[in-house]
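A short worksheet on the structure shown next.
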Amino acid sequence: MRHRAVGAIVAVVLAGVSLGGAQQVAQTSRQRVVLENPPNDSNMFVCGSDQSLPNPIPERWTTVVLVGDVRLYWPCPGDADHPNRHPEEHREFRESKLLLSAALSADPEIRWRAVQAYVRQPYAPGAFLNFSFEPYIQIGWFIRTSTAAVILPACNGIVQQFGTGNYPKRWQPGGLFRFMIAPSPRIQLEAAYALGAQLSRPGPEQDLAAASFKELQGCLARPVEDAVRAMILEDIGVLLYQDPILRADAEQLLVRESQGVPEVALGAMRGLEALIRQQPIGLRHEDTRSRLRLLAVYGQKVSQPKDFDVSATIRRLAVQTLMAIGDTDSFMLEETSIDGDWQVRQLLAGRLNLEDPQQLSLGRRFAVDPAFQVRYEFMSSLGRLATRTHECAPLAAFFTDREPAVAFRAMDMLPTGCTDLDEAVINKLEKMSEGMDGPHDPALWQLPAHAFAALGHVRPEAAKPRLTAAAKNTAWQARVVTAIAASILEDDETLLKLAGDEHPNVRMTALMELAGKKHAATVPIAIATVRDASDYQLVRAAALALKGLPDESKDEATEALLAGLRRITELADDTSRDVRIEMIRRLAETMRPERSTDLQYYMADFDDEVIAAARTSIAALIGVEPKDVLERRRRYPYQPTEAALNALPGTAIIQLEEGLVTLKLLTDVAPVTVARFVEMAAMKKYDDSIFHRVAPNVYALGGGSPGANEFSSPTKRFLRTEAGPQARHIRGAVGMWNHGLDSGDGQFFIDMVDLPRLDREFTVFATVTQGMELVDRLLEGAKIIRVIFK
């Protein structure tokens with residue numbers, strides 16, 4: 001009976017996916033026009049010539065995972081007479097059939113994988129029935145009706161009605177809510193997590209938010225396990241409210257539930273943090289503030305917690321929330337500043353007003369904190385004080401901190417106009433910046449670069465003579481710093497030289513500095529870059545630099561943009577999406593309307609977001625919505641093989657010059673991501689790359705990019721997002737970088753602190769089990785020798 005119940009839910013949901021997906025792609029023009037010089041990708045097809053799979057697809061956990069990774073992708077319409085139908089030989093039909101069979105399976109693993117595949121699709125939480133006499137009424141799928149629509153209940157048994165008059169709307173909970181009444185807690189948890197992902201994304205109308213909130217309350221009223229209850233509370237917090245009364249009701253509910261058992265209290269606190277982060281002012285209830293203060297010391301200890309600790313996590317979230325609403329009175333600061341958890345202390349250390357005597361007293365304590373992360377954050381407070389008072393000696397005192405990250409941060413926070421730095425400090429900066437003067441060991445660039453940047457702020461006349469030599473430094477990161485310094489010091493000759501540097505990151509920095517100064521050379525450099533350069537970050541920066549062109553430069557820019565756009569498109573990289581969209585947007589500003597047909601090619605692109613950008617740009621040029629004239633190129637997501645999924649290792653070791661970092665791979669949570677990570681490592685994509693993005697405490701350590709920037713990817717094809725309730729962005733989690741949902745680019749990052757705002761957006765596919773203390777002390781540019789597995 002339990003299997004039948006789940007199957008009944010799935011059958012209705014599955015019918016909706018098939019019909020809705022097919023209707024969406026049915027809008028594509030049926031005119032078949034052969035593309036000239038299509039991208040060189042053997043996986044590309046036009047509708048009617050798509051790839052084939054066994055019929056039927058065998059039911060194994062691996063095949064279910066792979067079908068789930070495709071997200072029931074429907075790239076093509078069905079047959080000509082019935083676009084909502086696909087014959088059995090079509091891949092789409094066979095994948096849907098497999099998932100339906102898997103959802104009815106007696107094997108709990110296969111059944112769970114099938115449900116996981118469904119809930120990771122972009123479901124709406126529900127929709128409204130508009131009672132008219134139309135033959136079909138859309139509620140996320142289609143239900144045939146005569147004079148009234150059938151309401152399928154979920155958690156809340158009371159029918160919700162909105163609107164008045166002849167056409168009232170009734171709420172119909174979607175498939176995710178009906179999974180919430182499945183008998184399996186594991187399935188309920190997956191559905192609850194997916195609901196939070198959908199409800200936290202912009203766009204839902206207020207009636208939908210109100211109906212979802214009521215439905216979530218109904219789910220809370222059901223007997224559910226603590227983990228599911230905690231996830232529902234988090235959903236209530238992430239929901240985007242427009243109605244202040246509804247938001248106040250949610251706030252009050254979360255405060256009340258935060259008094260439950262620790263696991264439920266954590267769910268409520270996660271919900272409160274998200275609710276207040278979205279709108280940090282205007283708490284509706286004073287008892288919210290009081291409760292947050294109690295949660296800020298929830299289970300407080302004087303020792304550092306080990307691994308994941310529920311009480312410490314609650315305290316971190318509560319302190320972060322109190323800081324967001326500006327509740328930083330002396331009592332709260334004093335109580336939380338003695339917390340044994342450094343993550344709590346560092347939240348306070350960076351937000352002190354050191355002109356307040358009591359907060360200055362706390363600052364003295366943080367200045368000698370044994371956790372360097374706390375001292376690092378304290379530099380932010382000192383930097384704000386120095387900016388207001390022009391007294392910089394307190395910052396200079398940390399130039400010799402035993403942790404290089406703290407010393408560099410102190411240098412970075414130095415403002416211009418310091419009045420109290422003696423010659424000894426200036427001489428120290430000059431001495432430390434000597435490594436910028438020409439070729440030196442490229443691995444030792446950090447100290448000279450940070451010191452040189454600081455010297456440019458406090459003694460520009462001492463820094464400027466070094467620019468010419470600094471521009472020749474063998475470390476490209478040092479030349480990036482030089483480009484920024486050259487702009488500040490108004491040395492255009494050096495800046496122009498660096499705009500032609502051999503390293504794309506240096507060229508990008510110099511170009512952006514020139515654009516910020518509105519230098520006359522910006523336009524010709526940017527035009528040449530979009531036409532010829534290959535680094536995606538550099539080309540995107542050049543396209544941005546071409547905003548607001550004078551009329552006399554528009555034709556030349558148009559030709560360069562079109563040439564560069566076609567050249568990059570022919571590479572057929574998913575990961576070129578962002579740069580191509582920026583180029584298409586720029587063409588809407590530079591192109592003559594009569595040339596808009598040159599963009600029609602991109603309305604048949606393999607990337608739907610590029611298609612949307614092309615349609616928008618053409619519409620802006622000609623003033624009307626363009627028509628499809630080409631058959632769209634399609635391709636399915638790139639996937640690992642079943643053999644790869646069956647042979648996933650459990651452990652990865654990142655070999656650094658500084659030592660080894662061991663990861664536990666979450667093969668159960670994110671098997672496809674793990675398989676791709678293993679594949680890229682086996683192809684040596686990570687060998688000799690660096691950690692190019694280092695932000696202790698406030699973000700993460702990011703690496704794996706062949707170009708050491710966020711737009712240079714080790715893979716041509718996107719990875720689907722595999723976010724789920726079993727893996728959170730807490731300290732030590734390893735995530736896959738992406739550019740939006742289902743656009744993982746192969747770069748990975750390690751969370752240095754808890755980062756709840758990344759949940760549901762970035763896949764967590766591993767956790768650090770050994771070597772986190774090594775990760776903490778890595779500096780920008782730390783080299784990855786290789787990644788190995790066992």
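Put simply, region 614-703 fits an ellipsoid with semi-axes of 39, 22, 12 Å; these come from the alpha carbon gyration tensor as the roots of five times its eigenvalues, largest first.
Taking packing as the residue-averaged number of other Cβ atoms within 10 angstrom, the listed peptides 616-625, 59-68 run from highest to lowest as 59-68, 616-625. Relative contact order of the chain, taken over Cα pairs closer than 8 Å and 6 or more residues apart, is 9 percent. Per-residue Karplus couplings for region 751-759, computed as 6.51 cos²θ - 1.76 cosθ + 1.60 with θ equal to phi - 60°, are listed in order as 6, 7, 9, 5, 9, x, 5, 8, 4 Hz, Gly and Pro entered as x.
P(r) tail for region 261-400: Cα pairs beyond 19 Å make up 52% of the total.
A protection proxy built from the mean count of other Cβ atoms within 10 Å ranks the segments 255-261, 631-637, most packed first, as 631-637, 255-261.
Here Leu741 and Ala424 are evaluated by their C-beta separation; at R0 = 51 Å the FRET efficiency comes out at 0.40. Computed on region 254-369, with alpha-carbon pairs under 8 angstrom and 6+ residues apart, the relative contact order is 23 percent.
Gyration tensor over the Cα atoms of region 354-402: the corresponding equivalent ellipsoid has semi-axes (square roots of 5 times the eigenvalues, largest first) of 17, 14, 8 Å.
Distance from the Cα centroid of region 554-606 to that of region 393-410 is 47 Å (rounded to whole angstrom).
Take every DSSP beta bridge whose two residues both sit in the chain; close to 100 percent of them are antiparallel. Dividing the convex hull volume of the alpha-carbon atoms in region 240-281 by its residue count gives 57 Å³ per residue.
With the charge dipole of the chain set up from +1 on Lys and Arg Cβ and -1 on Asp and Glu Cβ about the Cα centre, the Cα lying farthest toward the positive end among the listed residues Thr164, Tyr376, Ala250 is that of Thr164. For Lys169, the lysines whose Cα comes closer than 24 Å to its Cα, not counting residues fewer than 8 places off in the same chain, are Lys214.
Computed about the Cα centre, the dipole magnitude for the chain is approximately 1560 debye when only Lys and Arg (+1) and Asp and Glu (-1) carry charge, each at its Cβ.
Under a model in which nothing but the beta-carbon of Lys, Arg (+1) and Asp, Glu (-1) is charged, region 288-401 shows a dipole of about 200 debye around its Cα centre. Full extension of the chain segment joining Glu559 with Asp243 gains 108.9 nm, where the gain is 0.36 nm per residue of separation less the Cα-Cα distance. Accessible surface computed residue by residue for region 626-762, with neighbouring protein chains in place and a 1.4 Å probe, gives 31 Å² per residue.
Database remark: amide H of Leu656 closer than 5 angstrom to the amide H of Val661, Ile785 (H placed geometrically; neighbours at sequence offset of 5 or more, or on other chains; Pro and chain starts carry no H).
Each peptide in 169-181, 237-249 receives the mean, over its residues, of other Cβ atoms within 10 Å, and ordering these scores from highest gives 169-181, 237-249. Centre-to-centre, using Cα atoms only, region 504-553 and region 714-790 are separated by 31 Å. Taking a quarter of the surface of the Cα convex hull of region 512-557 gives a mean projected area of 2.9 nm².
In the chain, a dipole from Cβ-located charges (positive for Lys and Arg, negative for Asp and Glu) runs towards its positive end, and of Leu385, Ser433, Tyr118 it is Tyr118 whose Cα lies farthest in that direction.
Pairwise Cα distances in region 318-413 exceed 18 Å in 40 percent of cases.
With contacts taken as Cα pairs under 8 Å and at least 6 residues apart, region 310-467 reaches a relative contact order of 15 percent.
Candidate cross-link partners of Lys664 among the lysines, defined by an alpha-carbon separation under 27 Å and a same-chain spacing of 8 or more, comprise Lys306, Lys684, Lys685, Lys716, Lys783, Lys790.
Spacing of the modelled spin labels on Glu625 and Gln206, each 7 Å from Cα toward Cβ, amounts to 2.7 nm. Students often forget the sequence filter, so: which lysines lie under 26 Å Cα-Cα from Lys518 once same-chain residues fewer than 8 apart are removed? Candidates past the 8-residue exclusion: Lys464, Lys472, Lys497, Lys547, Lys554. For the Cα trace of region 654-790, dividing Rg by the Kirkwood Rh returns an Rg/Rh value of 0.91. Calculated on the Cα set of region 158-216, radius of gyration then Dmax: 13.0, 42 Å. Taking a ≥ b ≥ c as the square roots of the eigenvalues of the alpha-carbon gyration tensor, region 513-634 is classed oblate because a/c is 1.5 or more while a/b is no larger than b/c.
Sequence-ordered 3J(HN,Hα) estimates for region 325-340 from the Karplus curve with 6.51, -1.76 and 1.60 and θ = phi - 60° stand at 9, x, 8, 10, 6, 4, 5, 4, 4, 5, 5, 7, 5, 9, 4, x Hz, glycine and proline given as x.
Accessible surface area normalised per residue over region 339-451 is 42 Å², counting heavy atoms of protein chains with a 1.4 Å rolling probe.
By accessible area, using a 1.4 Å probe on protein heavy atoms only, the chain has 53% of its surface on carbon and sulfur. Using only alpha-carbon positions in the chain, the gyration tensor eigenvalues give semi-axes of 45, 36, 25 Å once each is multiplied by 5 and square-rooted (largest first). Evaluated at q = 0.11, 0.14, 0.18, 0.19 Å⁻¹, the base-10 log of the normalised Debye intensity for region 362-503, with identical point scatterers placed on the Cα atoms, takes the values -0.40, -0.64, -0.98, -1.06.
The values are calculated or read from the model by the stated rules, or taken from the named source; none is laboratory data. Values in this document were obtained by computation on a predicted structure and should not be read as measured data. Cβ sites come from the backbone with ideal geometry, for glycine too, and all protein chains shown count toward neighbours. Side chains are part of the model used for accessible areas, which takes the heavy atoms of the whole protein and leaves out ligands, DNA and RNA. Shrake-Rupley method; radii C 1.70, N 1.55, O 1.52, S 1.80 Å.
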